[in-house]
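Enquirer: One structure, as structure tokens, below. Some questions next.
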Amino acid sequence: MITKIIVLFLVFMVVLSIFGKFRFPGQEKLANARCPKCLRFKIGKGPCACEKPRS
């Protein structure tokens, strides 16, 4: 009984690792939406808050 549970757990972990290697659609678009300097998400088309001059 214990060995069956261990084998099922290992099979489950292998399946998770296979699915983890896939690149899901939309990941590249999300990566491009980040500021290259501060890595925060940019909202809108304007510059990031770290690039705006402070007044």
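Enquirer: Does residue 12 meet the test of being aromatic (Phe, Trp, Tyr) and at pLDDT below 80? Let's see the steps before the verdict.
Expert: Values: aromatic (Phe, Trp, Tyr): yes; at pLDDT below 80: no.
Here the answer is no, as residue 12 does not meet what is asked.
Enquirer: Turning to a different aspect of this structure: When you scan region 14-36, do you find a residue that is open to solvent by 100 Å² or more (accessible area, probe 1.4 Å) and among the polar types (S, T, N, Q), even just one?
Expert: Scanning region 14-36, I find at least one residue that is open to solvent by 100 Å² or more (accessible area, probe 1.4 Å) and among the polar types (S, T, N, Q), so the answer is yes.
Enquirer: Being assigned to a helix (DSSP H, G or I) and of a type in the set (Gly, Ala, Ser) is the filter here, so list the residues in region 1-42 that pass it.
Expert: Listed by number, the residues that qualify are 17, 20, 31.
Enquirer: From (1) surrounded by 10 or more Cβ atoms within 10 Å (Cβ to Cβ); (2) out of contact with any strand residue (DSSP E or B) (no Cβ under 8 Å at 6 or more places or on another chain), pick out the condition that doesn't hold for residue 52.
Expert: Checking residue 52 against (1) surrounded by 10 or more Cβ atoms within 10 Å (Cβ to Cβ); (2) out of contact with any strand residue (DSSP E or B) (no Cβ under 8 Å at 6 or more places or on another chain), the one that fails is (1).
Enquirer: Taking into account only those residues within region 37-49 that are among the charged types (D, E, K, R) and surrounded by fewer than 10 Cβ atoms within 10 Å (Cβ to Cβ), which is modelled with the highest pLDDT?
Expert: 37
Enquirer: Going through region 27-48 one residue at a time, which ones are in contact (Cβ under 8 Å) with a residue 12 or more places away in the chain and either among the polar types (S, T, N, Q) or out of contact with any Lys or Arg (no Cβ under 6 Å at 6 or more places or on another chain) (or both)?
Expert: 37, 38
The values are calculated or read from the model by the stated rules, or taken from the named source; none is laboratory data. Just so you know, these numbers come straight off a predicted model, no measurement behind them. Cβ coordinates were reconstructed from backbone atoms using ideal geometry, including for glycine residues, and neighbour counts include every protein chain displayed. Note: areas computed on protein heavy atoms with side chains; ligands, DNA, RNA excluded. Shrake-Rupley method; radii C 1.70, N 1.55, O 1.52, S 1.80 Å.
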